[in-house]
Amino acid sequence: MYPKILVLLGGLTATIFAVDLGAQTAAAPSPPRPTNFGAIKAACVIGDVSAVNQETQEVVPLHNDDLLFQHYAIKTSANSSIVLVFSNGSTVRLGASAELVIHEFLQDPFAESGLAMNGLKQEPVPSSTKLRLERGELTGHVTKLHRDSTYNVEIPCGVAGIRGTTFRHVYRPNANGGGLFSAATSEGTVVFTGPDGKEVPVPADVELSGRVRPRGGFAMFDTNPISPRTATIMEHHAKVMVQQAQRVVFRKTDVGSAKGPKPALKRDPQAKRETVDDTKDIEKEFQDREKALRAAPKAAPAKKKK
């Protein structure tokens, strides 16, 4: 049995009830904040994708190998997508008609003259990541974090804390101010937290889904086994993210001190975009999964005791 979670929404607030999480513990002292702007490299850019500077509102079309930083929002149009490779080893893939705000990505200096993402099993130095998914679909893979690191993904009804896993978040707003939400993870546990501090763990192979009502009110969120389609989407995007990260190397000069001016997006004059939309392969992969499930031998029913 998976629990049902009752959420009270008031604007962007959420209070989670009916989940027994045990006694509250005293908060541990926060580690020192990282001191550098972490770097993010654009990869596998398909279709019309742009970065918006949150301070100047300047809009820049994105291409493969562009280098960007916190304080940018990434927007994709219909039939578009992008992979973002972070210098702490994490990757995300933003789907079509989506918007992701990079509120914060800070990282301590790393000693290597060139930090290769290929084969990186855990991040080299502490980092702090705060993302907000305004709309659309986000699939991410977070390498095992340093003990002093944090990685949070915010959506309009709460925040997910991630320590090292592959995850997928979807938020589809509607015209009346509400929306549909889902979250899933393939390994480990993602902790979903409301603004009141209550936590709901979303363990491996479980999908949390629900409806956010406009102008406050109640919404029922359900947890169920992860669907075959969601599992297919996550596996596909995880494979693409690994492929893209394998070729990325960050230089020490790619990151700068957070005490200085905020760095601007850096463009490779030879940068290009992809010509093939690989996400069209997902439907075939899903059909193959369905055929395999139908062809698998079914377990014999248990014999009744006499």
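The values are calculated or read from the model by the stated rules, or taken from the named source; none is laboratory data. Keep in mind the model is a prediction, meaning the values are calculated, not measured. All Cβ positions, glycine included, derive from the backbone under ideal geometry; neighbour counts span all protein chains shown.
Name the single residue that is modelled with the lowest pLDDT among those in segment 177-234 being within 18 Å of the chain's Cα centre (by Cα) and of a type in the set (F, W, Y). Per the stated criteria, the residue is F192. Among the residues making up segment 272-293, those that are among the polar types (S, T, N, Q) and either in contact with a Pro (Cβ under 6 Å, 6 or more places away or on another chain) or part of a helix (DSSP H, G or I) (or both) are T279, Q287. Inside segment 222-271, residues that are over 30 Å from T185 (Cα atoms), part of a helix (DSSP H, G or I) and touching a strand residue (DSSP E or B) at 6+ places or on another chain (Cβ under 7 Å) make up a count of 1.
If you check F110 against the conditions, is it in contact (Cβ under 8 Å) with a residue 40 or more places away in the chain and assigned to a loop (DSSP other than H, G, I, E, B)? So F110 fits the description; yes.
For the residues L131, L208, L115, L120, the requirement of being assigned to a loop (DSSP other than H, G, I, E, B) and among the aliphatic types (A, V, I, L, M) singles out L120. When you scan segment 263-283, do you find a residue that is buried (at least 16 other Cβ atoms within 10 Å of the Cβ) and either in contact with a helix residue (DSSP H, G or I) (Cβ under 6 Å, 6 or more places away or on another chain) or modelled with pLDDT under 80 (or both), even just one? Checked segment 263-283: no residue is buried (at least 16 other Cβ atoms within 10 Å of the Cβ) and either in contact with a helix residue (DSSP H, G or I) (Cβ under 6 Å, 6 or more places away or on another chain) or modelled with pLDDT under 80 (or both).
Would you mind stating whether I82 is surrounded by 13 or more Cβ atoms within 10 Å (Cβ to Cβ), part of a strand (DSSP E or B), of a type in the set (V, I, T) and modelled with pLDDT of 55 or more? The answer is yes for I82. Here the condition is being β-branched (V, I, T), in contact with an Asp or Glu (Cβ under 6 Å, 6 or more places away or on another chain) and surrounded by 19 or more Cβ atoms within 10 Å (Cβ to Cβ); of T129, T139, T143, it holds for T143 alone. Checking each residue in segment 142-165 for being closer than 28 Å to R213 by Cα and β-branched (V, I, T) picks out V153, I155, V159, I162.
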